[in-house]
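Below: one structure, written as structure tokens.
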Amino acid sequence: MVPAPFDNEVSYNVWDARYRRREGEVVREATIEESWRRVATAVASVEEKERRSWSDRFFRLLSDFRFLPGGRILAGAGVPHDVTLFNCFVMGTIEDSMDGIFDALKEGALTMQAGGGVGYDFSPLRPSGTRARRVGGIASGPVSFMRIWDAMCATLLSTGARRGAMMATLRCDHPDILSFIEAKRHPGELTHFNLSVLVTDEFMEAVERDEEWPLLFPADRLDGEGGEIVMRHGWGGPHPVPCRVLRRMPARRLWERLTRAAWEHAEPGVLFIDRINEQNNLGWREWISATNPCGEVPLPPYGACNLGSFNLTRFVHDPFTPKAHFDLEALRAEVPVAVRFMDDVIDLSRFPLPAQQEQERGSRRIGLGITGLADTLILLGLHYASEEAREFASRVMETLCHAAYAASIGLAEVRGSFPLFDREACLDRPFIRRLPEALRGEIARHGIRNSHLLAIAPTGTVSLLANNISSALEPVFAFRQQRRVMQSDGSYHSFELGDHAWRLWREMNGERSPPESFVTATELEPHHHLAMQAALQPWVDNAISKTINVPADHPLEAFGEIYRQAWRLGLKGCTTFRPNPVTGSILTLPEGMATSHCCSLEREAD
């Protein structure tokens, strides 16, 4: 038997291995309630007044897995170790020189050693085979240097560091884009990276029109002169720069290579980078070209992601009955406490690098999100693919969005706006313009404490901690499964466990057949996944991490349409998983089906 509030062995094990405070071999917390109290007390310690009162409010927020902060907060708040409370960072721009490359590598190593995942845009590195203008050396290309980062991550793991996660991005017009797309074709290559292509609107339009696509690089970074020069934006900022075209290829051929790679081995994903920058609340002052490792927080150089998710299942009353309902007002009431908690984390946390502290405390970005959506739908009797389910999910996210913005405005009245706040520029951003007029008026009068407030992260680990609720907005992957979990000594242990909603149904109804709302990810069509993501995206100012599960027999010819539909629906990115022999498996289903891909329990940054 495991102690309450746990109802299964694996959830207890996750707490014991990842979040329970230890000093060497000495266990300092007997129960998870003591962990929650540690975290609440630590976060409240930055409050200027009424620290005990805020500690109690934060404790109630965390209790019974009602609110799930990012794993670094659960593990690191209130402990004496020199760790960061931020899950992930986007690192600084990589300078195209040996000094710059290895300085960037060092910064990444220091960040990962402190417990943070990292994201890098490798686009600034010269394409393979070209010469530098100043020193004349022959470039080996971005992918060759990514292997050094991969080795660094493996080396840190060998020292007992927490398992790392890394994101690498590359522009769709970089001359080495084909090498990047196919880098994971060989098993064992770049295993510590998630890969995403920065896809522009111009490229998607070229695919639609079946046009030639130029592969190019900023002319002032290449040796020699001559050749075709075109102006292209996005190479370090929004303003077009002269780029030399090194070769051209049909846009649809490049698109086919990209989608085939994803069809065969689940990567790369795509980031619709123009949309990310157009919708960025700080778009007037920063240019984004990378995200955290799972893609839910697009960030500028040295930006950090501060994550927390409401467990929606805790707001369902009378599940599996005609009276089943969701307490939207109770959720709304909890939001100000969660926003204050996450804002306090910014001041409490250590940072591996001074530039990260400056960036995060200047913008005060947070990423408040949801988890347990699929189980919540099941408890309410709603089929994941139904219009009613999407309308419900959209209403929940809209409530969370508006309540979070109201709470941040309230904090600004007391603590001041984030230091980089520019009233006129902020009010002119597309996401802010879509807010209710009352909220916009309050921002005009009082400012706002946080530049960004919403993100939907994978939550694989913390959802498993919370008695195996479904992750984020993902459908339930399987109602019964075996799961390998990494132990504190680096070894793995396999557990059998059942989904939260499935276990509750069995407790209430025994062996009676469950209703049609019990649907798994593999029973849904790809467009059902996309539709749910699209239903939530209007209320998310950061982004959404979502895996579109695709059946093994899904034809390659139709696969690319998933990404094109994601672009047409206004999403900021798209990641797919089709069962294949290349990717590893953390979940083992009774039927032997493969698991989800790179944002799994072992690859996300908690």
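Tell me yes or no: at least one residue of region 91-101 is at pLDDT 95 or above and part of a strand (DSSP E or B). So far as region 91-101 goes, no, none of its residues is at pLDDT 95 or above and part of a strand (DSSP E or B).
Residue by residue, here is whether (1) farther than 23 Å from residue 255 by Cα; (2) modelled with pLDDT under 95; (3) touching a Lys or Arg at 6+ places or on another chain (Cβ under 8 Å); (4) assigned to a loop (DSSP other than H, G, I, E, B) holds:
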residue: 274; (1), (2), (3), (4): no, no, no, no
residue: 280; (1), (2), (3), (4): yes, no, yes, yes
residue: 288; (1), (2), (3), (4): no, no, no, yes
residue: 310; (1), (2), (3), (4): yes, no, yes, no
residue: 323; (1), (2), (3), (4): yes, no, no, yes
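For region 534-553, a residue qualifies if it is buried (at least 19 other Cβ atoms within 10 Å of the Cβ) and over 12 Å from residue 455 (Cα atoms), and the qualifying residues are 534, 535, 547, 548, 549, 550. Whether any residue in region 31-47 is free of Cβ contacts under 8 Å to residues at least 24 places away in the same chain, over 23 Å from residue 117 (Cβ atoms) and either surrounded by fewer than 21 Cβ atoms within 10 Å (Cβ to Cβ) or of a type outside the set (A, V, I, L, M) (or both) is what I want to check. Yes, region 31-47 has at least one match.
Considering only region 555-606, state which residues are at pLDDT below 95 and of a type in the set (A, V, I, L, M). The answer is 556, 558, 582, 586, 587, 589, 593, 594, 601, 605.
When every residue of region 50-71 is checked against the conditions, none turns out to be of a type in the set (Lys, Arg), touching a residue at least 12 places away in the same chain (Cβ under 8 Å) and in contact with a Ser or Thr (Cβ under 7 Å, 6 or more places away or on another chain). Being crowded, with 22+ Cβ neighbours inside 10 Å and more than 30 Å from residue 497 (Cβ to Cβ) is a condition met by no residue of region 63-71. Just to be sure, is residue 25 out of contact with any helix residue (DSSP H, G or I) (no Cβ under 9 Å at 6 or more places or on another chain) and either surrounded by fewer than 16 Cβ atoms within 10 Å (Cβ to Cβ) or under 30 Å from residue 507 (Cα atoms) (or both)? So residue 25 passes the test. Would you confirm, using the coordinates I've provided, whether residue 148 is farther than 16 Å from residue 271 by Cβ and at pLDDT 95 or above? Yes: the conditions hold for residue 148. If you go through region 285-301 and keep only what is under 29 Å from residue 77 (Cα atoms), buried (at least 23 other Cβ atoms within 10 Å of the Cβ) and of a type outside the set (A, V, I, L, M, F, W, C), you end up with 291, 292, 293, 295, 296, 298.
Yes/no per residue for (1) out of contact with any Ser or Thr (no Cβ under 8 Å at 6 or more places or on another chain); (2) farther than 30 Å from residue 382 by Cβ; (3) modelled with pLDDT under 95; (4) not in a loop (DSSP other than H, G, I, E, B):
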{"residue": "320", "(1), (2), (3), (4)": "yes, no, no, no"}
{"residue": "332", "(1), (2), (3), (4)": "no, no, no, yes"}
{"residue": "338", "(1), (2), (3), (4)": "yes, no, no, yes"}
{"residue": "341", "(1), (2), (3), (4)": "yes, no, no, yes"}
{"residue": "345", "(1), (2), (3), (4)": "yes, yes, no, yes"}
{"residue": "362", "(1), (2), (3), (4)": "yes, yes, no, yes"}
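Counting only residues that are of a type in the set (D, E, K, R) and out of contact with any Gly (no Cβ under 9 Å at 6 or more places or on another chain), which one in region 93-129 is surrounded by the fewest Cβ atoms within 10 Å (Cβ to Cβ)? Step through it out loud before you land on a result.
Step one: of region 93-129, the residues of a type in the set (D, E, K, R) are 95-96, 99, 103, 106-107, 121, 126.
The next check asks that each one be out of contact with any Gly (no Cβ under 9 Å at 6 or more places or on another chain); those that pass are 95-96, 99, 106, 121.
Working: 95: 14, 96: 17, 99: 8, 106: 12, 121: 25.
It comes out as 99.
Just name the residue that is farthest from residue 13 (Cα to Cα) out of those in region 475-521 that are of a type in the set (Lys, Arg) and surrounded by 12 or more Cβ atoms within 10 Å (Cβ to Cβ). Residue satisfying both the conditions and the ranking: 506.
Residues are listed down the side, and each one gets a yes or a no for (1) of a type in the set (A, V, I, L, M); (2) closer than 30 Å to residue 429 by Cα; (3) loosely packed, with under 14 Cβ neighbours inside 10 Å:
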{"site": "228", "(1), (2), (3)": "no, no, yes"}
{"site": "231", "(1), (2), (3)": "yes, yes, yes"}
{"site": "234", "(1), (2), (3)": "no, yes, no"}
{"site": "237", "(1), (2), (3)": "no, yes, yes"}
{"site": "248", "(1), (2), (3)": "no, no, yes"}
{"site": "259", "(1), (2), (3)": "no, no, no"}
{"site": "271", "(1), (2), (3)": "yes, yes, no"}
{"site": "274", "(1), (2), (3)": "no, yes, no"}
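When residues in region 295-308 are screened for being over 22 Å from residue 201 (Cα atoms) and modelled with pLDDT of 95 or more, 7 of them pass. For region 188-208, taking the residues that are of a type in the set (Val, Ile, Thr) and touching a strand residue (DSSP E or B) at 6+ places or on another chain (Cβ under 6 Å), the one that is nearest to residue 568 (Cα to Cα) is identified as 199.
Pairing each residue of region 106-122 that is over 17 Å from residue 70 (Cα atoms) with any residue that is part of a strand (DSSP E or B) and of a type in the set (Lys, Arg), provided the two are 6+ apart or on different chains, yields C-beta distances under 9 Å for 121/171.
Could you tell me which numbered condition residue 511 fails, if it satisfies all but one of (1) closer than 25 Å to residue 391 by Cβ; (2) without any contact (Cβ under 8 Å) to a residue 12 or more places away in the chain? So the condition that residue 511 fails would be (1).
Here are the criteria: (1) charged (D, E, K, R); (2) touching a residue at least 12 places away in the same chain (Cβ under 8 Å); (3) loosely packed, with under 14 Cβ neighbours inside 10 Å. Tell me which single one residue 205 does not satisfy. Answer for residue 205: the failing condition is (2). Counting only residues that are in a helix (DSSP H, G or I), at pLDDT 90 or above and more than 30 Å from residue 231 (Cα to Cα), region 156-187 holds 1 of them. Could you go through region 217-226 and let me know if any residue there is surrounded by 18 or more Cβ atoms within 10 Å (Cβ to Cβ), small (Gly, Ala, Ser) and either free of Cβ contacts under 8 Å to residues at least 12 places away in the same chain or within 26 Å of residue 280 (Cα to Cα) (or both). Scanning region 217-226, I find no residue that is surrounded by 18 or more Cβ atoms within 10 Å (Cβ to Cβ), small (Gly, Ala, Ser) and either free of Cβ contacts under 8 Å to residues at least 12 places away in the same chain or within 26 Å of residue 280 (Cα to Cα) (or both), so the answer is no. Taking (1) touching a residue at least 60 places away in the same chain (Cβ under 8 Å); (2) within 30 Å of residue 48 (Cα to Cα); (3) assigned to a loop (DSSP other than H, G, I, E, B) in turn, residue 462 satisfies each apart from (3).
Within region 469-576, considering only strands (runs of 3 or more DSSP E) that don't extend past its boundaries, which have at least 1 residues that are farther than 21 Å from residue 456 by Cα, more than 21 Å from the chain's Cα centre (by Cα) and not aromatic (Phe, Trp, Tyr)?
Output list reads 480-486, 492-498.
Could you list all residues from region 320-365 that are touching a residue at least 12 places away in the same chain (Cβ under 8 Å), aliphatic (A, V, I, L, M) and surrounded by fewer than 22 Cβ atoms within 10 Å (Cβ to Cβ)? Across region 320-365, the qualifying residues are 324, 328, 330, 331, 337, 348, 353, 355.
The values are calculated or read from the model by the stated rules, or taken from the named source; none is laboratory data. Everything numeric here is computed off the predicted structure, so don't read it as measured data. Note that we place each Cβ from the backbone using ideal geometry, even for glycine, and neighbour counts take in every protein chain shown.
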